[in-house]
Amino acid sequence: MKLNWGLIGGGEGSQIGATHRIAACLDGAFELAAGALDIDPERAREYAIRLGIPADRAYRDWREMLDGERSRADRLDLVTVATPNSLHFEITKAFLEAGFDVLCEKPLTTTVEDAREIVRTAREHGRVCAVNYGYSGYALVRHARAMVARGDLGKIRVVVAEFAHGHHANAADADNPRVRWRYDPKLAGVSSILADCGIHALHLASFITAQSVTSLSADFSSTTVGRMHGLAIQVFGEKGGLRWQQEQPNQLHWTPVGGGTSIIERGVAGLSPEADRASRVTVGHAEGFFGAFGNIYADIAEQLRARSEGRKPSALACSYPTAEDGLQSIAAVHAAVASARARGAWVAVD
C-alpha cells in the first residue's frame with residue numbers, strides 16, 4: 001500500500017518541486033495526495049488539481065493544509081517542505097507538533113536557535129524529521145561512505161569539498177524571482193548562498209567521513225563565473241584517496257597507496273550493500289539526480305513502514321540526513337558568517 005505524501009511549495013516552474021514529485025514516487029512508495037504548492041493561493045490550488053490532487057486536498061496555503069489534514073483518517077504519512085528558507089522553521093515545526101513526519105529542504109532553518117527547536121520538537125513528538133541533502137543519495141557517495149567506514153582509506157587526513165556554482169552570475173537574473181530570493185537575507189538567511197548551496201559541500205564532507213566540523217575559518221566572495229554545478233569532493237586517507245564529482249556521478253576514482261587510480265562504476269558487481277540498494281538500473285546507464293532524491297524518500301518510507309509494523313528498519317535505510325545533521329550544518333554556516341566578518345578568524349562551531 002502506498003504512503004500518502006504532501007508537498008508544500010515547489011509550484012509550477014520550480015525545478016525542486018518537479019524533482020521531489022518524481023523522486024517521491026520513483027519506487028512506488030509514496031503517492032502525491034495533498035499539496036499547497038504556490039505562494040499565490042489560487043495558483044496553488046489550480047496547479048495541485050492539474051497534477052491530479054483531489055480538489056478537497058488542493059490547498060491554498062500550508063495553514064489550510066495543516067487544518068485539513070490533521071483530522072483525516074487517511075492523513076498524510078509524510079510532508080515535504082520545499083519553500084524558501086525563511087519559511088522552513090515555522091512550517092516544519094507546525095507539522096511536527098501536529099504529529100506529521102517531515103522532510104524539509106535544506107537548510108533546515110536560518111538560525112541555530114530555530115534548528116535546535118526543530119530537533120527538540122521532532123524528538124518530543126517521536127517524528128521523523130529529515131533534511132534534503134539530496135546529493136547524499138547518490139549510489140557512489142554512499143559507497144564512498146561505506147569505504148571510509150570499513151577502513152579502506154585508513155585514518156582520514158584531509159577532505160577537500162567544493163560547490164563552485166556559476167549559474168547565477170548573469171546580471172539578467174537579478175529580477176528573476178526564482179533566483180532573487182536566494183540572495184535576499186530575509187528569505188535565504190544571513191549567509192545567502194552558503195546556506196543554500198555551499199551547505200551541500202559541507203554536508204557531503206561530513207556524510208562521507210562521519211565527522212563534523214568543530215571550528216572553521218571563512219572568507220566570502222563570488223568568483224565562479226565559468227563553472228556549471230561544480231559540486232565535488234576529495235577524501236585523502238593514510239591508505240588511499242577518493243574523488244567524486246556530481247556532474248559525473250556514476251564514477252568514483254580510487255587511488256590506494258602504491259597503486260594506480262581506478263574508476264569504480266556505479267552498478268558493477270562487488271560494491272557495498274549501501275551502493276547496491278541505491279542503484280536502480282544496470283551498469284553503464286545514467287542514473288542521477290532523481291534517483292539520489294529517490295533514495296532519501298526510500299529511506300524515509302522504510303522508516304515509516306517499520307514504525308507502523310513494530311519492527312526495526314533496515315540498517316541500510318538509516319543514513320538519510322536528519323534534523324541533527326541540519327542543526328550541525330546551520331551552526332557551521334553561522335560560524336562561517338562570524339569568521340568572514342572577522343576577516344577569516346578561526347571560529348568554533350557551536
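The values are calculated or read from the model by the stated rules, or taken from the named source; none is laboratory data. None of the values given here were measured: they were computed from a predicted structure. Ideal geometry is used to build each Cβ from the backbone, glycine not excepted, and the neighbour counts take in all protein chains shown. With ligands, DNA and RNA removed, areas are computed over all heavy atoms of the protein, side chains included. Shrake-Rupley method; radii C 1.70, N 1.55, O 1.52, S 1.80 Å.
Within the range 23-40, the residues that satisfy the criterion of being open to solvent by 50 Å² or more (accessible area, probe 1.4 Å) and in contact with a strand residue (DSSP E or B) (Cβ under 9 Å, 6 or more places away or on another chain) are C25, E31, I39. When you scan the range 96-107, do you find a residue that is open to solvent by 10 Å² or more (accessible area, probe 1.4 Å), out of contact with any strand residue (DSSP E or B) (no Cβ under 6 Å at 6 or more places or on another chain) and over 18 Å from L3 (Cβ atoms), even just one? Among the residues of the range 96-107, at least one is open to solvent by 10 Å² or more (accessible area, probe 1.4 Å), out of contact with any strand residue (DSSP E or B) (no Cβ under 6 Å at 6 or more places or on another chain) and over 18 Å from L3 (Cβ atoms), which makes the answer yes. When G137, G68 are checked against the criterion of being touching a helix residue (DSSP H, G or I) at 6+ places or on another chain (Cβ under 6 Å) and over 30 Å from A338 (Cβ atoms), G137 stands alone in meeting it. Within the range 225-247, the set of residues being surrounded by fewer than 18 Cβ atoms within 10 Å (Cβ to Cβ), assigned to a loop (DSSP other than H, G, I, E, B) and touching a strand residue (DSSP E or B) at 6+ places or on another chain (Cβ under 9 Å) comprises H229, E238, K239, E247. Being more than 30 Å from C25 (Cβ to Cβ) and open to solvent by 20 Å² or more (accessible area, probe 1.4 Å) holds for only one residue in V268, V347, V337, and it is V347.
Output the residue which, of all residues in the range 280-313 that are within 25 Å of D77 (Cβ to Cβ), within 21 Å of the chain's Cα centre (by Cα) and of a type in the set (G, A, S), is most open to solvent (accessible area, probe 1.4 Å). Restricting to residues being within 25 Å of D77 (Cβ to Cβ), within 21 Å of the chain's Cα centre (by Cα) and of a type in the set (G, A, S), the top hit is A298.
Select from the range 108-121 the residues that are open to solvent by 10 Å² or more (accessible area, probe 1.4 Å) and more than 17 Å from the chain's Cα centre (by Cα) and write down the one among them that is nearest to A332 (Cα to Cα). So the residue we want is V112. Listed conditions (1) open to solvent by 40 Å² or more (accessible area, probe 1.4 Å); (2) touching a residue at least 40 places away in the same chain (Cβ under 8 Å); (3) not charged (D, E, K, R) are all met by I263, apart from (2). Taking the conditions (1) among the hydrophobic types (A, V, I, L, M, F, W, C); (2) assigned to a helix (DSSP H, G or I); (3) in contact with a helix residue (DSSP H, G or I) (Cβ under 8 Å, 6 or more places away or on another chain) in turn, A338 satisfies each one other than (3).
Can you give me the number of residues within the range 251-290 that are in a loop (DSSP other than H, G, I, E, B) and on the phi < 0 side of the Ramachandran plot?
Looking only at that region, the number is 19.
In the range 316-334, the residues that are farther than 23 Å from L140 by Cβ form Cβ pairs under 7 Å with partners that are in a helix (DSSP H, G or I) and open to solvent by 40 Å² or more (accessible area, probe 1.4 Å), at six or more places apart or across chains, as follows: L327/R116; A332/L202; V333/L194.
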